[in-house]
Amino acid sequence: MAPTGPSRTLVVVLIVVVIVVAGVGIWLANRYLVPTPVPGPATAQVGDNVTVNYIGEFGSGPQFGRVFDTSIYSVYLDNASYPKSLEFPFTHSGSASNYKPLGVYVGSYNGQYTVGNQTFSSVVPGFWQGIVGLAVNQTRWVTIPVNLAYGPLNPACEATAPLSSTAPVLTVVPAANFSTTYPGASATVGTTFSDPVYGWTDLVFAANATWVTVESLPTIGFVAHLSGWNATVTGLNATTITLLNGITVQNYGGLLGTFSTARTCAGTSESHFLIAGVNVANQTYTQNWNSEVVGQTLTFRITLVSIVSS
């Protein structure tokens, strides 16, 4: 009898086994030999609550490069590496507890709310837009134009003033107000003392129970030290002292003035003003009591500290 080969059924079974084994092999190869993509770190997205550290600098204007705000205490302390803006001392405390990451809602929002122990606040559009896409511990420099920052200057909070000013030679004050107007001075006739505003010598010219007359005794060329800058006495007669303010095109961006009476801008009382410009031809300068960040391009260095679950 002739030998017989494997049955047809056995052949089919063997083929199926080979196919299955091959398929398993391919699956194992794909599973263990082909690299599996690793998910990247989570990044801040619109609608997130995040905390950030930041340094805010001017990106335009006469204070270009100066720091106007920060959440970092070491930056607050370091004036050599981080020179501060003119209004910085009036808006920042020296307490370390006031410097910590800022809670920010990433998106268009107006107000603030609390999640756990963290307060989250709305910020200008350019700031939160600069946070989108940041991963934790990642830092980014963001330049924010005026329209995405604090908007244009309010012209109602600006005024033009002459570079030259005058002061009276004789000043009459109520006797009851003398000690307030001239602290530490005696209202006795013939007494001299340093003028509390201008620094020149004053003389009590006349006095009675009701009024005290004070005579100012500067000389031509005397340099008065006003609040924010110097002024030179350029004219003097029997009634009037003329002073030329030392405000120039070269130095105005580093000068901060003080109002004798506070003025209001956008509902806020302002006792200080910036100098927005100098017109040498007209011998005038522009007082600006908008907040110093208004009307300026701003640059922020933002570091994402955390993304906080709602």
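What translational diffusion coefficient, to the nearest whole µm²/s, does region 261-310 have by Stokes-Einstein, given a Kirkwood radius computed over alpha-carbon pairs, a temperature of 20 °C and 1.002 mPa s viscosity?
Estimated via Stokes-Einstein, D reaches 149 µm²/s.
Remind me, what semi-axes does region 173-310 give for its equivalent ellipsoid, largest first in whole Å, using sqrt of 5 times each Cα gyration tensor eigenvalue?
41, 22, 13
If we sort 71-81, 183-193 on the protection proxy, mean other Cβ atoms within 10 Å, highest first, what's the order?
Ranking the peptides 71-81, 183-193 by packing returns 71-81, 183-193.
Could you give the angle, 0 to 90 degrees to the nearest 10, between helix 8-32's Cα long axis and the longest principal axis of the Cα atoms of the chain?
Relative to the chain, helix 8-32 is tipped by roughly 20 degrees.
What whole-number value in cubic angstrom gives the convex hull volume per residue for the C-alpha atoms of the chain?
Normalising the Cα hull of the chain by residue number yields 237 Å³.
Using a 10 Å cut-off on Cβ atoms, rank the peptides 203-211, 147-155, 52-60 from the highest mean neighbour count down.
52-60, 147-155, 203-211
What is the Cα radius of gyration of region 102-217 over 2.2 N^0.38 Å, N being its residue count?
The value comes to 2.08.
Once Lys and Arg get +1 and Asp and Glu get -1 on their Cβ, which of Val52, Pro125, Ser108 lies farthest toward the positive end of the dipole of region 48-159?
Value computed over the given set: Val52.
Using a simple charge model, +1 on the beta-carbon of Lys and Arg, -1 on the beta-carbon of Asp and Glu, nothing else, what dipole does the chain show about its Cα centre, in debye to the nearest 20?
1360
Based on the Cα atoms of region 211-256, what semi-axes does the equivalent ellipsoid have, where each is the square root of 5 times one gyration tensor eigenvalue, given in whole Å with the largest first?
After diagonalising the Cα gyration tensor, the semi-axes are 25, 13, 7 Å.
Amide H neighbours of Thr284 under 5 Å, at least 5 residues apart or on other chains, H built in the peptide plane: list them.
Long-range HN contacts for Thr284: Leu163, Asn279.
Within the P(r) computed for region 59-110, what percentage of the Cα pairs occupies the region above 19 Å?
37
Out of every Cα pair in region 134-176, what percent are spaced more than 17 Å from each other?
72
Could you estimate the translational diffusion coefficient of region 181-242 from the Stokes-Einstein equation, with Rh from the Kirkwood formula over C-alpha pairs, at 10 °C and 1.306 mPa s, in whole µm²/s?
D, rounded to a whole number, is 127 µm²/s.
Readers should treat all values here as calculations from the given coordinates under stated rules, not as data from a laboratory. Quantities reported herein were computed from a predicted structural model and do not represent experimental measurements. Glycine also receives a Cβ, built like all others from the backbone with ideal geometry; neighbour counts cover every protein chain displayed.
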